[in-house]
Amino acid sequence: MEHSKVTPREAQRRRLPLEKHRIEDWIGRIYTSVCVVFLIATIVSIVYFVTSKGVATFAVNGVGIMDFLFGTRWAPDASPPAFGAMPAIAGSFLVTLLAALIASPLSIAAALFMTEIVPTFGKRILQPAIELLSGIPSVVYGFIGLTLIVPFLRDHVGGQGIGVGAGALVLSIMILPTITSVAADALANLQRGQREASYALGATRWQTIYRVVLPTVLPALLTGIVLGMARAFGEALAVQMVIGNAPFIPTSLLESASTLTSIITLGMGNTAMNSIQNNALWSMALVLMLMTFVFIMIIRLLERRNRI
Amino acid sequence: MVMPMPFSTEDLSIYYGEFQAIKNISMGFPAASVTALIGPSGCGKSTFLRSLNRMNDEIAGSRSTGHIWMDGIDLTASGTDVIKLRQRIGMVWQRPNPFYKSIYENIAFGPRYYGIKNRKQLDEIVETSLRRAALWDEVKDRLKESALALSGGQQQRLCIARALSVNPQILLLDEPASALDPVSTGKIEELITELKKDLRIVIVTHNMQQAARVSDYTAYFYLGTLVEHGETDQIFTNPEKNSTQEYIMGRFG
Ligand SMILES: Nc1ncnc2c1ncn2[C@@H]1O[C@H](COP(=O)(O)OP(=O)(O)OP(=O)(O)O)[C@@H](O)[C@H]1O
Ligand SMILES: [Mg+2]
């Protein structure tokens, strides 16, 4: 009887630890929920804003969607103005694909070197160095491009130096670390047994890399390349500094051209809100955003294949 | 002087950096027989096994002294063609490690290295190897499917078939059944007994019943030394060393 006799205050004190626990639990839950709601609200409103602004060009200002997507004349300040985004869309795809073509073989070779040839040195020195590279701001890459690549192209290849070729080169350097680190991770995570089995059958290192290692990590390599392409496609500053920004579809790598991003960055300061010129830039932003979704979807698909 | 056995080690030591994992082991592996390597965890069984087909070369910092004799040739000599050597000495690991390829491609992989391109010849090798690994009937209708879709036991037999595909004379098995269920383990043991008719087999196992069932000779390792080596019956019923008896008794439980 003695033991079960508890004053109300005593009971409250005894229950306290539990209560505290529950309060903490609730605070945590509310805090994370608020953050998530905030995050979702931000994403939804950005997507909504870009979409509504981007659609206004067609719905309010009466520009034809086909004229926008496939028109080849971009002259927003002419009278009558022309809003053909094809030069910018083509420019964006061109520099992105070229950059991926240049950077992918280099990055994959670098990743192989780091993981297969000099694993300890690779892990300790090269990997951090590569990660550092990916942290350099894009304006620095653009500056380097303008100072080194453009004069080099002008003196040794021809033309003005600025242009699609210079843009693609700068972008390829920028996405090199992205592709390299994804590829190096994939290679490092490959089960040791895969390599062992190949060596034990008498394969050389090169045969093992070529016939076992690379095919096995191929989906991850593609993921890295698409990630790099997404970065290249969305990059504005570095490209704008070296591509020349002429609103024409280029016919040679040494010709000045523009991309969706470079037209937006150059034009946004000079257009009035809600003007047709301004809305047309939003339409370009919408195209960029949709392309980014496509890149993300491709990455997701590759990752699903990777897991099997 | 006694001629060394056609396949044997002589004074073999293996080091990882400064650490000596295998200490001066000399032992032979008679033809058409199974030799079991037993001993507590970390005593060097896998290290010793891996050194027999020079797979230890792939580990940074490892080196060896002594000799491994095969038909009068020293496999540890610097001029040895490691690739030819590994064709003659196959290996299977504890965890099944099929390639991320089809069942067919897993088997055809090795022969392709040795220059076999002819489709018919490859088909034949695939079938023979799978039959020898007692897997053919289970997979003959799905050779194009991914090897990863097989069960663990089937994967392990596929790995044995893959090792057999290049027609080795010696098969090294490192705990080949320890990740498998009893039924699959039974199949692997039957397979070993069948295969030893044409090959030497060296098997590492922690399972004393298994060692007793499948092996003709048993070698007890302790801290990198070979404590006792003899016919399995004798090692299990009447070992010379106390420590061997204690280990085997302890493991039988
Ligand atoms: N790659 C390596 N680098 C350094 N030391 C190693 C390496 N592999 C094994 N060792 C060491 O060598 C000794 C023998 O290891 P080994 O793997 O051969 O033992 P084991 O008998 O196969 O053990 P288990 O029964 O647990 O598989 C151990 O002390 C281990 O720590
Ligand atoms: Mg082991």
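Each reported figure results from applying straightforward, stated rules to the coordinates on display, with no laboratory input. Here the structure is a predicted model, which is why all the values come from computation and not from measurement. As a convention, Cβ positions derive from the backbone with ideal geometry for all residues, glycine included, and neighbour counts pool all protein chains shown.
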request  = Counting other Cβ atoms within 10 Å, keep those with at most 16, restrict to DSSP loop, and tell me which GluC sites (Glu not before Pro) in the range B:94-199 are left.
outcome  = B:Glu145
note = Links exceeding 22 Å between C-alpha atoms in this model, out of A:Lys123/B:Lys23; B:Lys45/B:Lys241; B:Lys45/B:Lys196, come to A:Lys123/B:Lys23
query = Which whole number gives the average count of other chain Cβ atoms within 10 Å of the Cβ atoms across peptide B:71-84?
reply = 1
ask   = Arranged from highest to lowest average of other beta-carbon atoms within 10 Å per residue, in what order do the peptides A:291-300, B:214-223 appear?
value = B:214-223, A:291-300
For chain B, the longest site-free run once trypsin sites (Lys or Arg not before Pro) in DSSP loop states with at most 10 other Cβ atoms within 10 Å are removed = B:1-116
Gaussian network model of chain A, Cα within-10 Å springs - most flexible of A:Ile243, A:Ile175, A:Ile27 = A:Ile27
message = Working only with C-alpha atoms, what are the Rg and Dmax values of the protein assembly as shown, expressed in angstrom?
response = 33.4, 106
key: Radius, Kirkwood style, for the range A:141-298 when every pair of distinct Cα atoms is counted (Å)   = 18.2
ask   = For peptide B:97-106, how many partner chain Cβ atoms fall within 10 Å of a residue's Cβ, on average?
value = 4
ask   = Say a paramagnetic label sat at a point 7 Å from the Cα of A:Arg305, along Cα to Cβ; which residues of the range A:219-238 have their backbone N under 18 Å from it?
value = A:219-230
Candidate lysines for bridging to B:Lys144, where Cα separation is under 17 Å - those fewer than 8 sequence places away on the same chain excluded = B:Lys101, B:Lys120
ask   = Along each of its three principal axes, how wide is the spread of alpha-carbon positions in the range A:97-191, in whole angstrom units, largest first?
value = 49, 22, 19
Rg/Rg_globular for the range B:7-252, with Rg_globular taken as 2.2 N^0.38 Å and Rg from C-alpha atoms = 1.01
Helical mean residue ellipticity (222 nm; -39500 (n - 2.57) per DSSP H run of 4+; nearest 500) of the protein assembly as shown = -17500 deg cm²/dmol
inquiry  = Pairs of alpha-carbon atoms within less than 8 angstrom and 6+ residues apart define the contacts here; what relative contact order does chain B have, in percent?
reply    = 26
inquiry  = Taking the Cα centroid of the range A:85-159 and of the range B:175-253, what is the distance between the two, rounded to the nearest whole Å?
reply    = 56
